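Heads up, the thing below is written out as structure tokens.
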Amino acid sequence: MKRSILLVLLLFTFIFAQEALAQKPRGLLLSTEYPAQSVQAGETVIISLRLANRGLAPQIVRVQLKEVAEGWKASLTGGGRPVQAVYVDTDDSVSLSLKLEPPAGVTAGTYRFVVLAQGQGAQSELPIELTVEAQLPPRFEFETELPTRRGSPSTTFRYSATLTNKGEQETTVNLEADAPEGFQVTFKLRFGSEEVTSFPIKAGESKSLDIEVRPPKQAQAGEYPITVRALGGQAQAALALKVVITGQVDLNVTTPDGRLSAQATAGQENTLKLKIENRGTAPARDVELSSFPPVGWTVEFEPKTIPEIAPDNFAEVTAKIKPSDKTVAGDYMVSITVRSEGVSDSAEFRITVVTSTLWGIVGIGIIVIALGAVGWAVSRFGRR
């Protein structure tokens, strides 16, 4: 009885195994993991294929492109070389590659391709679709965190900016700047030492830039707009910068004729015309004058304080210099200083002192009296 049951079980097992073998698919199967893809315009696509022999005798299978979208170039390769046929063993598979190159100026849309594998009494077709997406128009994005800088005319204004290529193609960027007359604008790539006016930038790439602006030395206080442009093909972007010059005072002490010398009489008040210049770019306010004369001398100014001297302008001051009445004739130095809000300038004046005419007359009189006394003495006592 047990043997009978065992035989029946073995019989059923054999029957089911035969049915399973009979139901296993036989033939050639051409496949790929991604039979439908989206690509960018101008992009060359390489698709991996696999050809399988399911239950057939080992054989050579011819492969070809049955259908190719108009204008496209298609080729099949295996082992890095173009192939027209492959050898596939029973229940084995081989790998192939399909290379698809779009025509120039391809438009957005869906393009169909069919790969055909033909063996001995069996074949397989693999349809493939590529959807070319509309390409984004070229576009740049130009940004900076601090578009406004402040300083004096001697300041070099530095800005950090980032330029991003938002398009889908690499391009060459040209930089240019619109600045007020006399302003110099230069560009450097971040961490670079050389000035640049153009450079390549890939799709989706960002470049960090250092922008330097140098104003002219005589730039007046005020706000100066500067526009930096990035140009590349059909793309362009502008960056608005601003330079705020606060101005600075630059004082200079001189005379109307530029001579730093004068003549004075000992013991008398002598006048010297001064010219106080403001060569800077900001008004000089509450300008005060002071002096450092020799001991015993006095120096007074009229006026002693100047309320304001506009940029690139001047004011005249009279210095009243009085050497001591005991001053010996000769050359002496008098230092004159002007100050305004922490800015100052000094000049050394050579003052040539001469003695008073009165003292000359007195001296001559003394000499005459002395000579007269000598003459009288000779006439009276000379005969004795």
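The values are calculated or read from the model by the stated rules, or taken from the named source; none is laboratory data. Owing to the predicted nature of the structure, the values given are computational and were not obtained by experimental measurement. When we count neighbours, we look across all protein chains shown, and the Cβ atoms used for this are built from the backbone with ideal geometry, even at glycine.
Beta carbons closer than 8 Å, at least 6 apart along the sequence or on distinct chains, never pair a first residue in the range 178-206 that is free of Cβ contacts under 8 Å to residues at least 12 places away in the same chain with a second that is assigned to a loop (DSSP other than H, G, I, E, B) and among the hydroxyl-bearing types (Ser, Thr, Tyr). Of all the numbered requirements in (1) at pLDDT below 95; (2) touching a Pro at 6+ places or on another chain (Cβ under 8 Å); (3) surrounded by 15 or more Cβ atoms within 10 Å (Cβ to Cβ), Gly55 misses one, and that requirement is (3). Checked against the criterion of being over 30 Å from Leu239 (Cα atoms) and assigned to a strand (DSSP E or B), the candidates Ala117, Ala104, Ala69 yield just one match: Ala117. The residues listed here are Phe191, Phe199; of these, the one that is in contact with a strand residue (DSSP E or B) (Cβ under 9 Å, 6 or more places away or on another chain) and either small (Gly, Ala, Ser) or surrounded by 14 or more Cβ atoms within 10 Å (Cβ to Cβ) (or both) is Phe199.
Scan the range 172-188 and tell me whether some residue there is outside the structural domain of Gln59 (by TED's automatic domain parsing), under 30 Å from Gln40 (Cα atoms) and touching a Pro at 6+ places or on another chain (Cβ under 7 Å). Within the range 172-188, one or more residues are outside the structural domain of Gln59 (by TED's automatic domain parsing), under 30 Å from Gln40 (Cα atoms) and touching a Pro at 6+ places or on another chain (Cβ under 7 Å). Could you list, in sequence order, all residues of the range 163-195 that are touching an Asp or Glu at 6+ places or on another chain (Cβ under 6 Å) and more than 30 Å from Ala219 (Cα to Cα)? The answer is Thr164, Asn165, Lys166. Are any residues in the range 122-138 loosely packed, with under 15 Cβ neighbours inside 10 Å, in contact (Cβ under 8 Å) with a residue 60 or more places away in the chain and part of a loop (DSSP other than H, G, I, E, B), and if so, which ones? Selection gives Ala134, Pro137. Counting only residues that are assigned to a loop (DSSP other than H, G, I, E, B) and surrounded by 13 or more Cβ atoms within 10 Å (Cβ to Cβ), the range 72-90 holds 2 of them.
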